[in-house]
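Novice: Quick one: the structure is below, questions incoming.
Taken together, the values in this text are just the output of simple stated rules run on the coordinates, not laboratory data. Because the structure is a prediction, the values reported are computed rather than measured. Backbone-built Cβ (ideal geometry, glycine too); neighbour counts: all protein chains shown.
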Ligand SMILES: Cc1cc2nc3c(=O)[nH]c(=O)nc-3n(C[C@H](O)[C@H](O)[C@H](O)COP(=O)(O)OP(=O)(O)OC[C@H]3O[C@@H](n4cnc5c(N)ncnc54)[C@H](O)[C@@H]3O)c2cc1C
């Protein structure tokens, strides 16, 4: 039988994940994390949906989500999958949509090739769901601006070569009040610190970014003056639709493993899978998995016009993932409470309800699109 290019990609990805120690749920040491990142870049994963002229793989969105599902199948949704997703949807996609030719050459291309890493910096200590309450300032300075502020929960912060930083321009009000700036990590006044999620993707390289009077030339503003909110909305719509694609692969892997366990594990002289209560629970896991996959793949077929679909994808996938993890824990009995990989996956699933906007915010967005004003 002829091997298709997607079979080849899948087998190379499987080999890479196994060799890198991805998928155990444990945090990779920094050097191994970066090695795995570069290898994913060589495989074309970090540039999947981006044009080849910018170093991307030129894959369609449906092909991209299938490849990201494969990543989750082999590596789970650990730190690396989060890093890939946050960068792909909240940095690379806005760079492609709003970047100048020079910005695409200098910043998008190395990301697509896996030769650099970037981080989206929106959230602040007191501005998470209410992101428009952000305090970071971009004060005019020469032909550019001087950025001061602190961003938290930033995926890739400790390893990033540059950041997309959203900041408020003094004197501007309402939807035009934000600018989005590309800030290289070597900029004077920029520092980062790392933290670990106690309940979340265990291997994530997350942290805080501090900016103290960072001078940013006008050539590094992404989009026009006052277009920061538009850039933000684009980034979030993409992230909500696709960031959990690897989680669907992780759900599939977990279901297969749990079903195999139920066929093997004996109680009262029978395989536990022969008890209807157990079999139905596995069937529920399968139903959620198939519904998630269908919703995700449908989202990949829709154009960018967002009627609340992206919020529905993110909310449904994260809730289904949590439900499947809880079923998997309980179906393993006490073993489920001693399985570090399963505990890590449950933590990541719970965090997925919060990241990219909490599910309450997703429901607010869906309600808004239906003409309902919810506070
Ligand atoms: C794993 C992970 C990765 C992340 N990566 C990034 C990243 O790369 N870059 C980045 O900038 N940020 C990132 N974040 C931050 C994330 O976007 C925020 O945590 C999220 O938007 C929620 O903000 P908050 O934590 O301040 O919670 P809060 O906004 O304080 O919310 C607390 C509670 O109040 C509820 N609530 C708040 N406002 C409303 C409302 N209007 N209606 C109904 N309920 C409401 C929330 O739903 C929640 O239950 C990440 C977070 C996680 C967990």
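Novice: Would you work out if the chain is rounded, prolate or oblate? Take a ≥ b ≥ c from the square roots of the eigenvalues of the alpha-carbon gyration tensor; rounded if a/c is under 1.5, else prolate when a/b is larger than b/c, oblate otherwise.
Specialist: prolate
Novice: Kindly identify the range 56-129 as rounded, prolate or oblate by the Cα gyration tensor criterion: order the square roots of the eigenvalues as a ≥ b ≥ c, call it rounded if a/c is under 1.5, otherwise compare a/b with b/c, prolate if a/b is larger, else oblate.
Specialist: oblate
Novice: In what order do 148, 155 fall by count of nearby beta-carbon atoms within 10 Å, going from fewest to most?
Specialist: Least to most surrounded, the residues fall as 148, 155.
Novice: Using mean Cβ contacts within 10 Å as the protection proxy, how do 342-352, 288-298 order, highest first?
Specialist: Result, highest mean first: 342-352, 288-298.
Novice: On to the next question. Under the definition of Cα pairs under 8 Å and six or more residues apart, what whole-number percent is the relative contact order of the range 119-225? If you can, show how the numbers build up before the last one.
Specialist: Details: 252 pairs, mean separation 33.2, N = 107.
It comes to 31 percent, rounded to a whole number.
Novice: Now, a different point. Roughly how tilted is helix 309-331, in degrees to the nearest 10 and between 0 and 90, from the longest Cα axis of the chain?
Specialist: That works out to roughly 40 degrees.
Novice: If you take the beta carbon distance between residue 340 and residue 4 as r and set R0 to 30 Å, what does 1/(1 + (r/R0)^6) give as a FRET efficiency, to the nearest 0.05? Write out the running numbers ahead of the final one.
Specialist: Working: r = 35 Å, r/R0 = 1.18.
Efficiency, rounded to the nearest 0.05: 0.25.
Novice: Show me 214-224, 64-74, 6-16 ranked by packing, highest mean number of other Cβ atoms within 10 Å first.
Specialist: Ranking the peptides 214-224, 64-74, 6-16 by packing returns 64-74, 214-224, 6-16.
Novice: Mind sorting 358, 152, 46 by how few other Cβ atoms lie within 10 Å of their own Cβ, fewest first?
Specialist: 358, 152, 46
Novice: If we count other beta carbons within 10 Å of each Cβ, what is the order of 104, 151, 115, fewest first?
Specialist: Arranged by neighbour count, lowest to highest, 104, 151, 115 become 115, 104, 151.
Novice: Okay, next question. Mind checking the full-extension length gain between residue 291 and residue 135? Use 0.36 nm per residue of separation minus the Cα-Cα distance, one decimal, nm.
Specialist: Additional length available on full extension: 52.2 nm.
Novice: Helix-only mean residue ellipticity at 222 nm, the chain, DSSP H runs n ≥ 4 weighted -39,500 (n - 2.57), per residue, nearest 500. What is it?
Specialist: Calculated from helices alone, the mean residue ellipticity at 222 nm is -15000 deg cm²/dmol.
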